[in-house]
Amino acid sequence: MWDYTDKVREHFFNPRNVGEIENPDGVGEVGSLACGDALKLTFKLDEDGRIADAKFKTFGCASAIATSSVLTEMIKGMTIEEASKVTNRDIADYLGGLPEQKMHCSVMGREALEAAIENYRSGGKKRHELEGKVVCTCFGVTDKEIERVIHENNLTTVEDVTNYCKAGGGCGGCKAEIEKIIEKIQGETTTKEAPAPAPRRPGKLTNIQKIQLIQQTINEQIRPALRADGGNIELIDIEGNKVIVAFRGMCAQCRLAEFTMKDVVEARLREFVSEDLFVEEDKESAQQPHNHRG
Ligand code: FES
């Protein structure tokens, strides 16, 4: 016995908006009777472009009926733009949740809505077409759809994928390929989330290399940070490990100048060029007129 919420039960026993709209503005048909689930969604817009009415016909289990019913309720009053943002999670949440094994019903609802919107946008010409390469022939599920449910629902196992789109739930012949898709997506996510490698300080530098690197670090790492705060920095000279700079703009006579110099400039130069560097402010140029804000 499935653990259904009261709202699922209620929509199953008293489904709303069952049927088909005559002369609809959008029609979406997904699934197939052969696969055990099918849903046809129709909607009509009012003169303001909002969904005035929506109806469904489905062949499926209690949760397929409840999700279809609740979907028609959810989208009434929405613009096409708003309806196009409804996710399968939104549908399941609206029902107070669905058993994991039944999440594919919420995905079917979202697919039917998308198909109906696509049909409306094409002036009634376009019908739902499978995108991508079919991975699961038992249920006609493509790689694109599998990737999408994994991304949108943070799925990590083949069993999850089966729960959300049925792929893998028949003969099982596609499970290895689903596993590969999961690994590929996890690889992408890990790469994206991996912190940027720490900048590496070069080894021993010649004098010329050191000067170039100091200039480059000031240009690329330090000046943009100071500019964001209305200031600027100029490299005056380099004597051994002493880097002489002048602050311009708001930094020139700001009481925080020393702090800025020590904390930002020196730290950055040590990080990117050499640990031995220290920074001094050129006091003469600090006396020059400037646009001090503070
Ligand atoms: S091919 Fe996917 S379960 Fe059979």
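Structure values in brief
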item: Rg/Rg_ref, segment 17-99, where Rg_ref = 2.2 N^0.38 Å and atoms are Cα; result: 1.07
item: Relative contact order for segment 103-196, counting Cα pairs under 8 Å that sit 6 or more residues apart, in percent; result: 25
item: Cα-based shape type of segment 1-159, given that a ≥ b ≥ c are square roots of the gyration tensor eigenvalues and the cut on a/c is 1.5; result: oblate
item: Cβ-Cβ FRET estimate between R227 and E271, R0 fixed at 22 Å, reported to 0.05; result: 0.70
item: Residues whose placed amide H lies under 5 Å from that of V135, excluding near-sequence neighbours; result: V141, T142, D143
item: In segment 31-104, trypsin sites (Lys or Arg not before Pro) in a DSSP loop with at most 12 other beta-carbon atoms within 10 Å; result: K85
item: Of K125/K180; K40/K133; K7/K57; K55/K102; K204/K242, those spanning more than 26 Å from alpha-carbon to alpha-carbon; result: K125/K180
item: Using θ = phi - 60° and Karplus 6.51 cos²θ - 1.76 cosθ + 1.60, couplings along segment 143-155 (whole Hz; Gly, Pro as x); result: 4, 5, 5, 5, 4, 5, 5, 5, 4, 6, 10, 6, 7
item: For the chain, size of Cβ-based charge dipole, Lys and Arg +1, Asp and Glu -1, in debye; result: 280
item: Reciprocal of mean inverse Cα separation for the chain (Kirkwood radius, Å); result: 23.9
item: Backbone HN-Hα couplings from phi across segment 126-142 [Karplus 6.51/-1.76/1.60, Hz, Gly and Pro as x]; result: 7, 10, 4, 10, 6, 9, x, 9, 5, 9, 9, 6, 4, 10, x, 9, 8
item: Cβ charges +1 (Lys, Arg) and -1 (Asp, Glu), total dipole of segment 1-127, debye; result: 280
item: Contact order relative to length of segment 1-84, as percent, for alpha carbon pairs under 8 angstrom and 6 or more apart; result: 31
item: Long-range HN-HN contacts of L45 with modeled amide H, under 5 Å; result: D25, A52
item: Sites matching GluC sites (Glu not before Pro) across segment 80-174 that sit in DSSP coil, with at most 14 neighbouring C-beta atoms within 10 Å; result: E129, E131
item: Under-5 Å amide H pairs with I21, H placed in peptide plane, nonlocal only; result: T42, K55
item: In order through segment 66-83: 3J(HN,Hα) via Karplus (6.51 cos²θ - 1.76 cosθ + 1.60), integer Hz, x for Gly, Pro; result: 5, 5, 5, 4, 5, 4, 4, 5, 4, 7, 4, x, 7, 7, 4, 4, 5, 5
item: Three-way shape label, segment 68-162, alpha-carbon gyration tensor, a/c 1.5; result: oblate
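No value in this document is a laboratory result; all are computed from the given coordinates. Here the structure is a predicted model, which means the values were calculated and not measured. We place every Cβ from the backbone using ideal geometry, glycine too, and count neighbours over all the protein chains shown.
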